[in-house]
Amino acid sequence: MVSEEYAVILKKLITITETKNLVLANITGYDVSYISKWVNGVKLPATKYIEQINEKLAKCFAEAVITSGRTDELSVLFAVPVTRETAEFEILQQLSAAYRFSMKHHGRHRQKASVPAKVITGNHDAFLFMNTVFKEKMRHAKEGSNLLILGDFCTLLDIEFWKFLEFPNETAPHITIHVGIDLEKLSCDTKYTEQLYIILGRYLNYDFKLYHSDVLKQGNTIIMENEFVIQYSLQGERSIGICTYISDPSLVQDIYNRFYVGFASQQAALAPVKTLGIEDIGFRTAFYSSDKYFFFLTNGVDFLLPPQAVSEFLTEIKASKQVTRQIGQLQIMWDEMMASGEVEFMLPMTSIIRYIETGYMFFTDKEFKMKAPYRKMHLQHALDIMEKNPKITVGVIQASMEMSEYQVTNLSFYSNYTAAFFKKNPQYIRESVCPFYVVANKKLVECFHTFFRQVKQMPMYHHYAYTDIRQKYEQYKGFVERTIDLYEDA
C-alpha cells in the first residue's frame, strides 16, 4: 500500500525517467508552473481531472522507462515486478494511490489548521482585496477556464468590478466569463450598452457569455474554476458592504460544479462562437435574408468587393471546390442585398485609414490582406454600387478625444435588426479565442441599436449619401491612391 505523498511519487518518477516539467506540462495541458507546484507538494491536481492527468502521466513515464530500459529500477521503487507490458498500469496504480493518500492527509491537515473563509468588510477594503485576488489568480488561470459570475453586468459596472479583469491584452488569460445581465436596466440607460460594447472590445482575449436570467443575475457570487469563490453583498448601489473569500480547492470545486449546471441550462443572450458557418443552412444564410442592415465596421470593409478581389481571396486561402461554391452563394446574397436592400455603414475614421494603408480585413471566417490594385478597385466598385442603390449610406466617426473608444476598437457589429453578431479583429486575439459573438436576444439587439443611434447624435459623426461620398472620393482620390501605393510593401 502506498503511504507516500503524490509529490514524492511524482518526483521519483521524474528522476528515474529524466523527464522535464515542460514535457509534462505539454502532455497534460497545464502550465509548467502548475507542474512545479504538484512536484513540490504546494498544490494537488483538481480531483475532477485527476484520472485524466494520471493516465497521461502514466503513459508518458511508461514510454520513457521502456525506452531507457529501466523497468528494473521501477520494480525496486514500487516493490512489485514491473515489465514492459505492465509498466503503464503499475505507474497509474501508484499515482492514483498516492493521490488518495495525499488528499486524505491534506484533508486532516485542513481540518486542523485551515481557515474555511476570509471575511472582508467595508467597500474600500473589499474593493482592494478583490482587485488583488483577481490580479494574482487571473494571471495564472488555466487557459480555457470558466469564470462564473452570479451577478448583473450593469450592477457590477456600477461598483467598478470590470476593472479587476484589466490586463494588457497580450497577457490576459483566455477564459470564458459567464455573467447575468439585466436587459431592462440595459434598455433604460444607454451608458450600460456603451460600456458593454467597450468592455467586449477592450477585453478581446476573454470570451463573454451573457444570460438574461433573474437566477443568474442576483446571486452575488463569483466563482473562478479551480481557484476561488467570492460572495459579496452590496451596500447601496455602488459599494460593497462585505465579501467572503473561499480558496479551499475541494470546496471551490464543489461550488463550481453545482453552479455551472445552472449556467449551462440557460439560453445565452450573447455567446462566443468559433465560426458563423457559410454552409447552406448556416447562420449567415439566415442572417442575410432580410432587407435592412446596419454594419459598424472596424476590421476592413468586407462588403462591396469586386469579383476580382474575391477570386484573389479564394486563391490565397487555397479554397476547395465546396468552399468556393459556398462563398459564391454568400456573394450572391451580398450582391442582392446591395442591389436593393437598405444598408447603413458606420466606420471610425481610423479604421478607414488602417484599411487604406494595410488592406487588412476579416472576410467570412478568414483573415485577408488585399493588394493595392484590388484596394483601388474596391473603392471604385463600392461607389458604382452606391450609385445604383440610394438606400446605401455611410457614416464616419471623426477622430476626437470624446470618441476615442470607437477609434481604436477592434470589434465590428453586424445587424439585420432582428439578429446580430460581433467580429473581433483576429490580429489581437489568441488562436484559441472565439472571434465571433452571436447576439441571440432581440431585446439585446435593440439595445445595441439604441446605443449606435446615440453615437450618430454626436458632433463627430457625419452621415453621407452617394453624392457626398463621390465628391469626397474625387477630392481625395490622388492622396488615397498614393497612400495605398506607399504602404503596399510595408
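For the criterion of being surrounded by fewer than 17 Cβ atoms within 10 Å (Cβ to Cβ), of a type in the set (A, V, I, L, M, F, W, C) and within 21 Å of Tyr417 (Cβ to Cβ), Met346 fails. Does segment 42-57 contain at least one residue that is within 21 Å of Glu143 (Cα to Cα), surrounded by fewer than 19 Cβ atoms within 10 Å (Cβ to Cβ), of a type in the set (Lys, Arg) and modelled with pLDDT under 90? Within segment 42-57 (the criterion being within 21 Å of Glu143 (Cα to Cα), surrounded by fewer than 19 Cβ atoms within 10 Å (Cβ to Cβ), of a type in the set (Lys, Arg) and modelled with pLDDT under 90), the answer is yes, since at least one residue qualifies. Exactly one residue out of Thr15, Thr19 is more than 22 Å from Ala141 (Cβ to Cβ), open to solvent by 30 Å² or more (accessible area, probe 1.4 Å) and of a type in the set (S, T, N, Q), and it is Thr15. Screening Asn425, Asn416, Asn389 for residues that are closer than 25 Å to Lys472 by Cα and either modelled with pLDDT of 90 or more or among the hydrophobic types (A, V, I, L, M, F, W, C) (or both) leaves exactly one candidate, Asn389. Within segment 149-206, the set of residues being free of Cβ contacts under 8 Å to residues at least 24 places away in the same chain and in contact with a helix residue (DSSP H, G or I) (Cβ under 7 Å, 6 or more places away or on another chain) comprises just one member, Leu156. Applying a threshold of 6 Å to beta carbon distances and a minimum spacing of six or more residues, or different chains, the list of pairs starting in segment 476-488 at a residue that is closer than 14 Å to Tyr360 by Cα and in contact (Cβ under 8 Å) with a residue 40 or more places away in the chain and ending at one that is among the basic types (Lys, Arg) and open to solvent by less than 80 Å² (accessible area, probe 1.4 Å) reads Ile484/Arg375. With respect to the conditions (1) polar (S, T, N, Q); (2) without any contact (Cβ under 8 Å) to a residue 40 or more places away in the chain; (3) within 30 Å of Phe363 (Cβ to Cβ), Thr275 lacks only one, and its number is (2).
Only a single criterion out of (1) in a helix (DSSP H, G or I); (2) open to solvent by 30 Å² or more (accessible area, probe 1.4 Å) is not satisfied by Ser289, namely (1). When segment 349-359 is limited to residues that are among the polar types (S, T, N, Q) and open to solvent by 30 Å² or more (accessible area, probe 1.4 Å), the one that is nearest to Tyr466 (Cα to Cα) turns out to be Thr350. For segment 292-325, the set of residues classified as in a loop (DSSP other than H, G, I, E, B) and under 21 Å from Glu357 (Cα atoms) consists of Leu297, Thr298, Asn299, Gly300, Val301, Asp302, Phe303, Leu304, Leu305, Pro306, listed by residue number.
A single entry from Ala372, Ala339 fulfils the requirement of being over 28 Å from Ser400 (Cα atoms), open to solvent by 10 Å² or more (accessible area, probe 1.4 Å) and modelled with pLDDT of 90 or more: Ala339. Restricting attention to segment 12-38, the residues that are in a helix (DSSP H, G or I) and more than 19 Å from Glu63 (Cβ to Cβ) total 6.
The values are calculated or read from the model by the stated rules, or taken from the named source; none is laboratory data. Keep in mind that what you see is a predicted model, and the values were worked out from it rather than measured. Here the Cβ is made from the backbone with ideal geometry for all residues, glycine too, and neighbour counts use every protein chain on show. Heavy atoms of the whole protein, side chains included, go into the accessibility calculation; ligands, DNA and RNA do not. Shrake-Rupley method; radii C 1.70, N 1.55, O 1.52, S 1.80 Å.
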